[in-house]
Amino acid sequence: MSDGFAQGFTGTRPVPGGGEPGLAGVDAEVLLTEADRVALLRAEARRGLTASPKQLPPKWFYDERGSALFDAITREPEYYLTRREREILTERAVEIARTTRASTLVELGSGTSEKTRLLLDALRDVGSLRRFMPFDVCLPAVADAAVALRRDYPGLNVKAVVGDFHEHVRFLPRAPQEQGDAGPLLVAFLGSTIGNFDEAERARFFASLRLVLRPGDWFLLGADLVKAKRRLDAAYNDAAGVTVQFNKNVLRVLNRDLRASFDEALFDHVAAYDSERELVDIRLRARVAHQVKVDGLGLTVRFAAGEEMRTEISVKFRRAGLEKALRAAGFKRSGFWTDRARDFSLSLWRAA
Ligand code: AVJ
């Protein structure tokens, strides 16, 4: 590596891919190439479709169409999360910028990076901002974010990273100290994407993030809070049906990338808050008994009538639970904020 980002790695590092389409003119680190992505999809789809009960990891919603559908969900009246998080960020961005004085902002699962602009503006205004790194599994999403932000923030060094944050957070490229760019890193993980992780995945994620950070670096976490079931059920069953399309999009991804023959019309969207486990369980339920061929895996998958396949969990949090998990991973709390309705939380953690 000659770009000065190769230092500070531990462990074996994936070879960055070259010549990925869709990254023209964007400085990028591809930790997950298109070929890797398909290999990972194959492995995870094979495991999930042959498991009992069947399940698919939620990251596979997010091809270009899925990312656009998620964006549409954030504008639905029932889906309060994005608006609440934006309310907190609008109020706290300056405080976060003054506290962290971060020189690099990393956004995990960046999507369209729209809320990040609040942070970028505040960090630019305190004069500490040098670099922005959108990190996402969806290459078109990071590429678009990188292009738009480079345009709107002249002088900002933008480096896109394509990766799976379960696997690749520990390989986050760091600028070496000797470049005179030793300001702290601020890693933002917004939107309650952390809700997609189960408890073990969360612990592993916080621990590997802590390993890539140096003492004095920062972690900003957006996490949705436990609340009344009726509101959560409504948020994941919007009247316009965008969430239905989003949930079923994973079937289109399998059809296209694994030459599967899923028929969306044979499945119902099912999403319900489980107040015991404090999570929204999101599934696709087969309307009738049928078989699906997955040619790319040489697999025939049988569904019984009424059989449910889990496509996502969306865990809801309490402050005490978050503090416990982050402290266990080696973080110290610096701030914990909610919106006025106490629907959503934004918290700032310092690598201790
Ligand atoms: C992007 C994981 C935060 O769990 O609320 C929205 C995804 N799924 N509606 C969430 C989602 C169905 C969303 N996250």
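Here, region 287-352 has an Rg and a Dmax of 21.1, 53 Å when only alpha carbons are counted. Dipole orientation for the chain: of the candidates PRO77, THR193, GLY155, THR193 has the Cα lying most toward the positive pole (charges on Cβ; Lys, Arg +1; Asp, Glu -1).
Our estimate of slack between ALA39 and ARG285, defined as 0.36 nm per intervening residue step minus the Cα-Cα distance, is 85.9 nm. In plain terms, if you count all Cα to Cα distances in region 19-136 and split them into 5 Å steps from zero, the share in each step is 2, 9, 14, 17, 16, 14, 14, 8, 4, 2, 0 percent. A straight chain from ARG101 to SER52 at 0.36 nm per residue would run longer than the Cα-Cα distance by 12.8 nm. Simple point charges give the picture: +1 on the Cβ of Lys and Arg, -1 on the Cβ of Asp and Glu, and for the chain a dipole about the Cα centre of about 840 debye. Rolling a 1.4 Å probe across the protein heavy atoms gives region 37-113 an accessible surface of 44 Å² per residue. Extending 7 Å from Cα along the Cβ direction at LEU211 and again at ASP121 yields two label points whose distance is 3.8 nm.
Take every Cα pair under 8 Å whose residues are at least 6 apart in sequence, average their separation, divide by the length of the chain, and the relative contact order is 20 percent.
When you count the other C-beta atoms within 10 angstrom of each residue and take the mean per peptide, 189-195, 97-103 line up highest first as 189-195, 97-103. Across ILE313, ILE96, the residue with the most accessible area heads the list, and the full order at a 1.4 Å probe is ILE313, ILE96. In the calculated pair-distance distribution of region 75-123, the portion above 15 angstrom amounts to 48 percent of the Cα-Cα pairs. Show me the helices of the chain, taken as full DSSP H stretches, that run 18 Å or more along their long axis by Cα and average 0.0 or above in Kyte-Doolittle hydropathy. In the chain, the long hydrophobic H runs are 139-152, 199-212. Along each principal axis, taking the top coordinate minus the bottom one, the Cα set of region 170-243 gives 54, 26, 19 Å in descending order. Solvent-accessible surface of protein heavy atoms, probed at 1.4 angstrom with all chains present, puts ARG174, ARG319, ARG84 in the order ARG319, ARG84, ARG174, largest first. Note on the chain: Kirkwood radius taken over Cα pairs, Stokes-Einstein applied at 20 °C and 1.002 mPa s, translational D equal to 102 µm² s⁻¹.
Modelled spin-label separation between GLU167 and ARG204, with each label point placed 7 Å from Cα along the Cα-to-Cβ direction: 1.2 nm. Pairs on different chains or at least eight residues apart, Cα atoms closer than 17 Å: how many lysine pairs in the chain fit? Close lysine pairs under the 17 Å cut-off: 8. Per residue, the average separation of C-alpha pairs within less than 8 Å and at least 6 apart gives region 50-143 a relative contact order of 30 percent.
Modelled this way, with points 7 Å down the Cα-to-C-beta line, the labels at ARG340 and ARG151 are 3.4 nm from one another. Placing +1 on the Cβ of every Lys and Arg and -1 on the Cβ of every Asp and Glu, with no other charges, gives region 246-352 a dipole of roughly 580 debye about its Cα centre.
The values are calculated or read from the model by the stated rules, or taken from the named source; none is laboratory data. Note that the structure is predicted; figures quoted are calculated from it, not measured. Note that we place each Cβ from the backbone using ideal geometry, even for glycine, and neighbour counts take in every protein chain shown. Please note that ligands, DNA and RNA were not included when accessible areas were found on the heavy atoms of the full protein model with its side chains. Shrake-Rupley method; radii C 1.70, N 1.55, O 1.52, S 1.80 Å.
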